[in-house]
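Contents: one structure, followed by commentary.
The values are calculated or read from the model by the stated rules, or taken from the named source; none is laboratory data. Just so it is clear, the structure is predicted and the values come from calculations on it, not from any experiment. Every residue, glycine among them, receives a Cβ derived from its backbone with ideal geometry; neighbour counts consider all protein chains shown. In case anyone asks, the SASA skips ligands and DNA or RNA and just uses the protein heavy atoms, side chains included. Shrake-Rupley method; radii C 1.70, N 1.55, O 1.52, S 1.80 Å.
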Amino acid sequence: RAKDQGRNTYQFYTEGMQEKEMMRLELDKDLSEALANDEFVLYYQPQLNLDTGEINNVEALIRWQHPTRGLLSPVEFIPLAEESGRITEIGRWVVLAACRQLARWKGTACGHLRIAVNLSGRELEDATLVDHVRDALTTENIAPHMLELELTEEIFIQNIAQNRSQLSQLHQLGTRLAIDDFGVGYSSLGYLRDFPVDQLKIDRSFITNVTERHDDAVITRAVINLAHNLGIQVVAEGVETEDQLHFLQAHRCNLAQGYLISRPIPGAELEKAIREGALFTGQPATSEL
Ligand code: C2E
Ligand code: MG
Ligand code: MG
Ligand code: MG
């Protein structure tokens with residue numbers, strides 16, 4: 001039972017609704033304190049350009065440096081933050097932190113990197129989102145195209161009118177739009193025609209067995225071709241093996257992201273790895289050429 005595990009974990013499958021509600025409230029209170037105490041941190045995972053072997057994009061992934069429980073993964077707190085609405089505040093912090101990182105990287109080996117941040121559908125419900133994004137970019141003096149927003153297909157199913165308006169304002173502002181976890185979202189493809197999408201991210205579930213399973217290979221190739229024909233950049237998520245990378249290269253996928261290239265790491269670590277050319281590039285070292 002969750003209670004027996006004390007404060008070591010947030011779990012919500014307790015018998016009593018009341019107890020469950022208490023745990024939720026407690027987590028929400030902790031999240032609010034985490035914001036006040038600056039306990040969140042962004043890790044960055046590079047996306048490898050398969051044509052050039054260069055890294056031009058990174059995805060920012062939030063972690064919670066909890067005072068007693070160590071580094072917590074977003075899967076442990078983002079779903080609840082979405083439910084409670086706390087995600088709006090967290091999202092503002094994420095956007096500002098990403099812009100600060102972009103500012104810090106200026107003039108370094110990472111000066112050319114674009115950062116993608118994840119936004120939940122719930123964050124698009126905030127009417128002031130566009131203002132916050134604009135303010136963060138202005139405050140840190142960042143060109144809007146350096147910031148990419150990753151959203152999942154759910155935003156094309158629910159709350160469509162408002163989401164459409166928010167996305168078009170963000171597009172006018174100049175930020176880029178990526179569709180995250182593409183292919184598992186149950187939405188129609190019509191939005192690819194109606195919305196200015198810059199990047200499609202093929203969900204990891206298709207990539208995991210792409211070299212073993214015929215159906216995953218067919219779907220992955222179809223998505224790559226769909227993206228190319230629409231003039232959209234396509235990224236494979238969750239690339240863990242060289243075989244997967246070779247498949248993606250052979251089928252002209254634009255970018256690859258996954259543990260094979262790098263796990264998500266702190267900004268300073270990424271800067272060092274890029275400066276030293278220490279990241280996996282999927283290409284032979286120049287000395288071997
Ligand atoms: P996502 O945006 O689809 O991010 C990809 C997840 O896959 C990340 O998990 C990443 O660490 C993991 N991953 C990357 N490469 C590999 C790989 O090769 N193999 C495997 N097994 N996993 C890989 P993470 O960091 O735990 O984030 C989980 C999810 O939490 C994200 O999925 C995103 O939906 C959400 N999230 C993360 N940061 C934020 C944030 O700042 N705001 C919001 N709203 N959601 C966030
Ligand atoms: Mg993402
Ligand atoms: Mg994803
Ligand atoms: Mg996801």
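Quick notes on this one:
- Helix-only mean residue ellipticity at 222 nm for the chain, each DSSP H run of n ≥ 4 adding -39500 (n - 2.57), per residue, nearest 500: -12500 deg cm²/dmol
- Kirkwood hydrodynamic radius of region 205-289, from inverse mean 1/r over distinct Cα pairs, in Å: 14.1 Å
- Measuring nothing but how far apart in sequence close Cα pairs (under 8 Å, 6+ apart) lie, relative to its length, the chain scores a relative contact order of 17 percent.
- Prolate/oblate/rounded call for region 152-203, Cα gyration tensor, a/c under 1.5 rounded: oblate
- 0 to 90° range, to nearest 10: angle between helix 87-105 axis and the chain longest Cα axis: 40 degrees
- Here the gap between Met22 and Arg114, fully extended at 0.36 nm per residue and compared with their Cα-Cα distance, gives a gain of 29.1 nm.
- Inter-label distance, nm, simple model (7 Å from Cα along the C-beta direction), Ala278/Lys106: 2.7 nm
- Region 81-204 - percent relative contact order, Cα under 8 Å, separation 6 or more: 23 percent
- Three principal axis lengths of region 14-121 [C-alpha, angstrom, descending]: 56, 28, 26
- P(r) tail fraction, region 47-200 - alpha-carbon pairs more than 20 Å apart, %: 51 percent
- Distance (nanometres) between label positions extended 7 Å along Cα→Cβ at His66 and Arg252: 4.7 nm
- Nearest-ten-degree value, helix 129-139 long axis tilted from longest Cα axis of the chain: 70 degrees
- Taking the C-alpha atoms only, the angle from helix 214-230 to the longest principal axis of the chain is near 80 degrees.
- When Tyr43, Tyr259, Tyr186, Tyr191 are compared by accessible area of protein heavy atoms, the largest-first order is Tyr186, Tyr259, Tyr43, Tyr191, using a 1.4 Å probe.
- P(r) of the chain over all Cα-Cα pairs, binned every 5 Å from zero, in whole percent: 1, 5, 11, 15, 16, 17, 15, 10, 6, 3, 1, 0, 0, 0
- For the chain, the tally of Lys pairs with Cα-Cα distances below 22 Å comes to 4, considering only residues 8 or more apart or on different chains.
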